[in-house]
Structures are given as C-alpha cells and as structure tokens.
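> Pasting a structure here, questions to come.
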Amino acid sequence: MNPITLFIVFALAAMGVGLEYLAPGPAAVPLFLAALVVALSLKMANTWQKFVVLRAGKLQGVKGSGLFFIIPFLDTVVAVIDERIQTTAFSAEQALTRDTVPVNIDAIIFWRVHDARAAALEITDYRTAIDRIAQTSLREMIGSSMLSALLSELKSADESLRNEIGRKTEAWGVSVSAVEIRDVSIPVALQDAMSREAQAEREKQARIILGSAEVAVAGQFVEAARAYTDNPAALQLRAMNIIYETTKERGATILMPTTMVDAMSPAVALAVAASNQPAKQAVTGPAAPPTPTVP
C-alpha cells in the first residue's frame, strides 16, 4: 500500500473510531467501509512504473504514473512493469569457436521495457527469457566466429549481439540499448602458444628495423668518406673531436697508437693536402700560361 492510500485509510478509520466513541451506533460504519474501499481501489504508480490491469480477465488498460482507481474484486493488477534501464549478466562456458577453440565469455546486456502491455501479456517471464536469449545468441556468435576475429573485433561482436538480441526481444516490448563483452578466456596452453607467436613476430619486426637502420647508416658513412677524401683537414678535425668526446668523462684513460697521433699532426694533414693537389691538376688539365703583359 502506498503512503497516500495508507494516510487516507488511516484518516477515515480514525474518523470512524471517533464517531463511534462520540455517538455509538451505525453512523461510523460508512467511514469504515470507505476506508476499506480506498485501501482496495486507490493505487499509485511511480514515474518509472506501469500497472497492467485486467477487468474480469480482459485487458482494461495500462495505468501510471500517479494515482488511479480500480474496481475492487473486478479489476486485478497482474503486473507492475519497471521501465527503467535494466542490466543482466550472462556468460557462455566452453563454447567452441569456428576454429574449434573452447572459450569462456562473460558479457552484460542493457535493456528496458518500452511496451508494458506486451511484456506482461506476450510472455510469462520476460526477465528469464532475456537471459536465455542472450546466452543462446552469444553461443551462436561464438560458433560462427574465428578466435582471432573474436579477440580483435570485440566492438563488432558487441554490436552484432545487440542487433540479434534486440530483434528477438522486440515482440515482447523489450528494447536492447547495448551489449558489452567483459572478458574472453581461452585455455592456458593456447595462451602460451599465442604469446610465443607474438614474441616471434615482434622479434622479426625488430630484426627488419635493425637491418634497415644498418643500410641507412652504411649509406651515411659512404657519404662521409667521400666528404673526408676531398678535405683531409675536416677528417683531422673529426678525429680530434672524437678523442675529445671520449675524454670528457673524468678519470677516463685513453690508449692511442702513435700512428694515430702522428696522423692528426697538422704537418701530416698539410702534406696529404699537397699530395692531392697534383692529382686534382691532372684531372682538370695543365694550368693556363700567364698572360704576357705589354710594356
């Protein structure tokens, strides 16, 4: 009994008791009868509720929300439907995928009743039916999917389940707003095999990237060698810079052969540059004779 009906019944009963106390007799009987009628006929539905009422076995209407009256003993409230969004968890254990891999999947469905009349009259227990339909649809989806596609395309699987379950429950006045797969479990042995496969694939990619880097570095070294061949002074400066970089740390001891030290001598660099001059002149041809001057 709702609070408003309870208050009215209590007030009528109190008035009857007071009248009986002040004037004993049948005068208080109508008040007690009115209290009984109100208790049996005055109903209240919350804003998210719908009351399905039958009159003499036939559908009289769907009431709510707010206060409404029914005829006692003639009208019957056969169902109170909650139209808010509901959640139902369901699962499939040891279901075989298309490539015969057993998986365990846990999912949850979000649904609501949009037609209270159909939910009350078209099916005996729509909540149990939704749970059974969800489990059946999940197993059908698993059986038609490859394991790799199931693991990599969970969003597509969610949408497929939502459409399939919604199509089956539409006739019951139930609409499905979302389906979310929460967990996909596969056998431990298969997990190890997939882990090794993924590790091997990553190692393969790492080796390919390393080989590409070696090719790029070798090309840069070739360009540097060409630049240093035409400019011995630049090569000497580069060698000195390398030595400086290696000796920046305190307490470092560097051992260098004397031939390397001699190679970095300015005199040696000048001699190498002078030795390259005739070669360049030989390539470009003899120098042009000086232009005679006229006295």
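Each reported figure results from applying straightforward, stated rules to the coordinates on display, with no laboratory input. Only a predicted model underlies this, so the values are computations on that prediction, with no experimental measurement involved. Note: ideal-geometry Cβ built from the backbone for every residue, glycine included; neighbour counts use all protein chains shown.
> Taking Cα pairs under 8 Å and at least six residues apart, what relative contact order does segment 86-186 come out at, in percent?
Relative contact order of segment 86-186: 41 percent.
> Karplus couplings for segment 198-215 from phi (6.51 cos²θ - 1.76 cosθ + 1.60, θ = phi - 60°), rounded to Hz, Gly and Pro as x?
Values per residue, Gly and Pro as x: 5, 5, 5, 5, 5, 5, 4, 4, 5, 5, 5, 5, 5, x, 4, 5, 5, 4 Hz.
> Turning to a different aspect of this structure: For Q60, which sequence-distant residues (separation of 5 or more, or a different chain) have an amide H within less than 5 Å of its own amide H, given hydrogens modelled in the peptide plane?
For Q60, whose amide H was placed from the backbone, the distant partners under 5 Å are V53, L54, R55.
> Could you give the distance between the Cα centres of segment 212-243 and segment 93-170, to the whole Å?
65 Å
> Using θ = phi - 60° and the Karplus form 6.51 cos²θ - 1.76 cosθ + 1.60, what ³J(HN,Hα) does each residue of segment 83-88 get, whole Hz, x for Gly and Pro?
Values, residue by residue: 9, 6, 5, 10, 10, 9 Hz.
> Additional query: If you take the square roots of the eigenvalues of the alpha-carbon gyration tensor of segment 86-186 and sort them as a ≥ b ≥ c, do you get rounded (a/c under 1.5), prolate (a/b over b/c) or oblate?
Since a/c reaches 1.5 and a/b is larger than b/c, the shape of segment 86-186 is classed as prolate.
> Looking at the square roots a ≥ b ≥ c of the eigenvalues of the Cα gyration tensor of segment 1-78, which shape do they give, rounded for a/c under 1.5, prolate if a/b is larger than b/c, or oblate?
Note, shape of segment 1-78 comes out oblate.
> Right, something else. Once phi is turned into θ = phi - 60°, what whole-Hz ³J(HN,Hα) does the Karplus curve with 6.51, -1.76 and 1.60 give for every residue of segment 169-180, x standing for Gly and Pro?
These are the phi-based 3J(HN,Hα) values: 9, 4, 5, 8, x, 10, 10, 9, 8, 6, 10, 10 Hz.
> In segment 32-99, which chymotrypsin sites (Phe, Trp or Tyr not before Pro) fall in coil by DSSP and have 15 or fewer other Cβ atoms within 10 Å?
Loop-located and lightly packed - W48, F73.
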